[in-house]
Each structure stands twice: as structure tokens, then as C-alpha cells.
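J.: What follows is a single structure, and I will ask about it in a moment.
FYI, it's all coordinate maths here, none of it is from the lab. As the structure is a computational prediction, the values presented were derived from the model and not from experiment. When we count neighbours, we look across all protein chains shown, and the Cβ atoms used for this are built from the backbone with ideal geometry, even at glycine.
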Amino acid sequence: MRFRYAKRGPLRFTSHRDFARAFERALRRAGVPMAYSQGFTPHPKISYASAAPTGVASEAEYLEIGLREPVEPAALRVALDAALSPGLDVLDAVVATGGSLADRIEASHWRIELPEVDPAALDKAVAAFTAADEVLVERMTKQGRRTFDARSAVMSIDVVTSSEMPSGAPVVPCAILELVVRQVTPAVRPDDVLSGLRVVADLEPPVSPRVTRLAQGTLTAQGAIADPLEADRDGTTIGGH
């Protein structure tokens, strides 16, 4: 079974490890007939696809589980959603019909709210970023500090005009950035793009930005992002895998 879930509000600060623990508890509370790995320490068969960084909200996180017996997707979605804290919301459930879920994640669509940033200044920074052949940024990784190009993975980057913050925060001057970033290695994250804007235009947000992943999935010929679960829609039950 494959699921789409959201991380909203304060629950965006839930780490991937904490979410994984909460989701395993939800599976037990919901009585889900999980399939387990073999060996001395069996684990439930759960696979996550491109989890968002801690502190980032998301409307499009995906995971896959293996089951021992058929389960009705809609009922399972409701049961798991009820077993998780509000803000960790299970939005969709489908039967996996084959292929790799990870292979269907080709790009992500991000929205970055930048309170107290002048939209005109952001426009200039985006123009400089777009015009550059490459924008080198540094980030600490598990392999140590790495320098990589934050520009080449960005397929589109646009300043959105809005009179208020869509997150529901009090009305303040706020620049809003939307970008589509291709899945590459190492992954280019929204904070890497913001680092790139600092490199090319010295843009330094005075307060922490608020980042939301709006979508992730396969790229269409028109450059849009398609739901990675769409190919599985015909199924209604799942057996053991």
C-alpha cells in the first residue's frame, strides 16, 4: 500500500525518525496486518520516499508498506489518520501495482514565505540567480562539508505576488518564492536555493523563512509535476508483498 501524508503547523518540526516511530505506533494501534523482514530482528516493511527536511511543512510526503493480507485502502487511510497526531495527516492511500515509488519522484514544488523581505529585492535576486550558469553553495553533509551547484537542479523559480502570508500568519510585508527543483544527488533543498540567492545578490532574510512542499512526483512533458500515486489508482486491495 502507498500513502501520501502531510506535515502541517508545529508538526513540521517532527524529524523523519520521530515520524517513522509515530507511524509504526499508528500501524499497531490500527491493527494493520504488516509484513515483516526476515532475520534475527524483523522490522515492518516500510519504505519512505524523499522525506522533507525537519522544520519544513509538506502537503506531499510519500511512503509504502507491505501487508500480509488484503486491506481496503480508504478504511486504512482513515484508521491511520485517526491514530496520528493532528498535523500528521494521511491524505491518500492506494494499492501498489508495481514499479518503484522512489523512481516516480523526479522533482518537488516548493513555496517559500520570506517575511519582511521586499518583493522587489527578491525579484532582483531571482533574476541574478536565473542568469547564472552555476551558483556554488556549501552545506554540511554526512560526508563532511561539500560544495555543489544549486542552480542546475532548479527548473523554475518565480516570485509570487500576495498581500498576506498564505500560512495564516499576521499580515506583514512578505515576499513569496515558488520553485520546482529536480531530484539530483546531492539533493538541492530550499535552503540551498536561499544560500544561492545570498551568493548572487547578498539577499539575507531578516527572519526565518517558512517552507512548504506543495507537490513531488514525476515530471510531465509540459514541466508539471504528476502525482506519483496516479499510476496505482486502479487497485482496491493488496495482498502480501
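J.: What is the sum of charges, Lys and Arg at +1 and Asp and Glu at -1, for the other residues whose Cβ falls under 12 Å from the Cβ of Ala57?
T.: +2
J.: In whole percent, what relative contact order does segment 47-130 give with Cα contacts below 8 Å and a gap of six or more residues?
T.: 23 percent
J.: Under 9 Å from the Cβ of Arg8, count the other residues' Cβ atoms, weight Lys and Arg +1, Asp and Glu -1, and hand me the total.
T.: 0
J.: Highest mean first, what order results for 133-140, 180-187 on Cβ atoms within 10 Å?
T.: 180-187, 133-140
J.: Reachable lysines from Lys7, Cα under 29 Å, same-chain residues fewer than 8 places away excluded?
T.: Within the straight-line cut-off, Lys7 pairs with Lys45, Lys142.
J.: I want the local charge near Val137. Using Cβ-Cβ distances under 15 Å, sum +1 for each Lys or Arg and -1 for each Asp or Glu among the other residues.
T.: Once positives and negatives cancel, what remains is -2.
J.: Then there is this: Show that you can apply the helix-only estimate: for the chain, add -39,500 (n - 2.57) for every DSSP H stretch of four or more residues, divide by all residues, and state [θ] at 222 nm to the nearest 500.
T.: -6500 deg cm²/dmol
J.: Could you grab the relative contact order for segment 1-160? Cα pairs under 8 Å, six or more apart, rounded to a whole percent.
T.: Relative contact order of segment 1-160: 26 percent.
J.: What shape does the chain take by its C-alpha gyration tensor, where a ≥ b ≥ c are the square roots of the eigenvalues and a/c under 1.5 counts as rounded, a/b above b/c as prolate, and the rest as oblate?
T.: Cα axes put the chain in the prolate bin.
J.: For a Förster distance of 41 Å, can you work out the FRET efficiency between the beta-carbons of Glu204 and Arg25, rounded to the nearest 0.05?
T.: My answer for the efficiency is 0.50.
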